[in-house]
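Taking it in order: structure first as structure tokens, then the write-up.
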Amino acid sequence: MSTVRLAAFGDLHLGRSKAPGARWAREALIDATRNGADAIVFTGDLLDKKKATGKDLADAVDLFRLVTEELERPLVHVWGNHDVGSGMIPLFPEISGVHRPTDDAVAEIRVPDLPLVFHAVNVTQDPDPRDVVKHLPRVEEPGHVGILHSEVEGRYTKNPCLPTTTEHLLSRGYEACLMGHVHSPVVLHEEPWIGWIGMGQMLEIEVAALP
Ligand SMILES: [Mn+2]
């Protein structure tokens, strides 16, 4: 069976002094690409809603361009509650090779020449208690990956954010559900991998491709 190698990170919170920062992300992305990543996933909260400045927005754009232009990998991402709270989403330019849901609904994202289907949803308000993750489609074939910025059963956070359950995510039949929002790395399920990547972590994961 053919596989695809993903490198995934989340909760960068550019601007926050105790966050790992753009330089960490840059080095981790270069390392992950050297390790053979076919695509990069970012699970939301690129910018910190309280601390991000115009400089941080510029760093965020540079980081996405590093992935698409220098590393020549596609980048698939969702917006998190902090991105919404920062007010900077409308200032973010369209970048060729960056893929994300284009509205507030669950989206199916296909990337040219990558044998995967991503199922993803943007956070659109802060907090975002909408019960929309229930609309993730259930699949019966390999090659599907979930990308969320969610809370699961209210664990590890008091901040309502696109709530869902482990049972629901498991029932979708995906190769992995890669999540942001909780800042500690937490694995809710091993095979398939369901969990929060955690701040300052680069998760490198091999998933089965579409048949
Ligand atoms: Mn966060």
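The values are calculated or read from the model by the stated rules, or taken from the named source; none is laboratory data. If you're wondering where the values come from, they're calculated on a predicted model, not measured in any experiment. Heads up, the Cβs are rebuilt from the backbone with ideal geometry, glycines too, and the neighbour counts pull from every protein chain shown. We work out accessible area using only protein heavy atoms, side chains counted, and drop any ligands, DNA or RNA first. Shrake-Rupley method; radii C 1.70, N 1.55, O 1.52, S 1.80 Å.
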Strands (runs of 3 or more DSSP E) wholly inside segment 89-206 containing at least 3 residues that are open to solvent by less than 70 Å² (accessible area, probe 1.4 Å): 117-120, 144-149, 176-180, 186-189, 193-196
Given the options F118, F42, name the one that is aromatic (F, W, Y), within 19 Å of G198 (Cβ to Cβ) and within 17 Å of the chain's Cα centre (by Cα). F42
Out of L148, L178, report the one residue that is within 24 Å of M202 (Cβ to Cβ), modelled with pLDDT of 95 or more and in contact with a Ser or Thr (Cβ under 6 Å, 6 or more places away or on another chain). L178
Does I109 satisfy the criteria of being over 20 Å from M199 (Cα atoms), hydrophobic (A, V, I, L, M, F, W, C) and within 16 Å of the ligand (Cβ to nearest atom)? no
Does segment 19-43 hold any residues that are polar (S, T, N, Q) and surrounded by fewer than 22 Cβ atoms within 10 Å (Cβ to Cβ), and which are they? T33, N35
Going through segment 99-115 one residue at a time, which ones are of a type in the set (V, I, T) and under 14 Å from the mean Cα position of the chain (by Cα)? V106, I109
Members of segment 21-58 that are in contact with a strand residue (DSSP E or B) (Cβ under 9 Å, 6 or more places away or on another chain) and among the small types (G, A, S): G21, A22, A25, A28, A32, G36, A37, A39, G44, A52
How many residues of segment 168-190 are within 16 Å of the ligand (Cβ to nearest atom) and either polar (S, T, N, Q) or more than 23 Å from P115 (Cβ to Cβ) (or both)? The answer is 7
Filter result (in contact (Cβ under 8 Å) with a residue 24 or more places away in the chain and open to solvent by 10 Å² or more (accessible area, probe 1.4 Å)) within segment 44-55: K49, K50, K51, A52, T53
Go through (1) within 15 Å of the ligand (Cβ to nearest atom); (2) of a type outside the set (D, E, K, R); (3) under 19 Å from A39 (Cα atoms) and name the single condition C161 misses. (3)
Run H77 past the list (1) touching a strand residue (DSSP E or B) at 6+ places or on another chain (Cβ under 6 Å); (2) surrounded by fewer than 20 Cβ atoms within 10 Å (Cβ to Cβ) and report the number of the one that doesn't hold. (2)
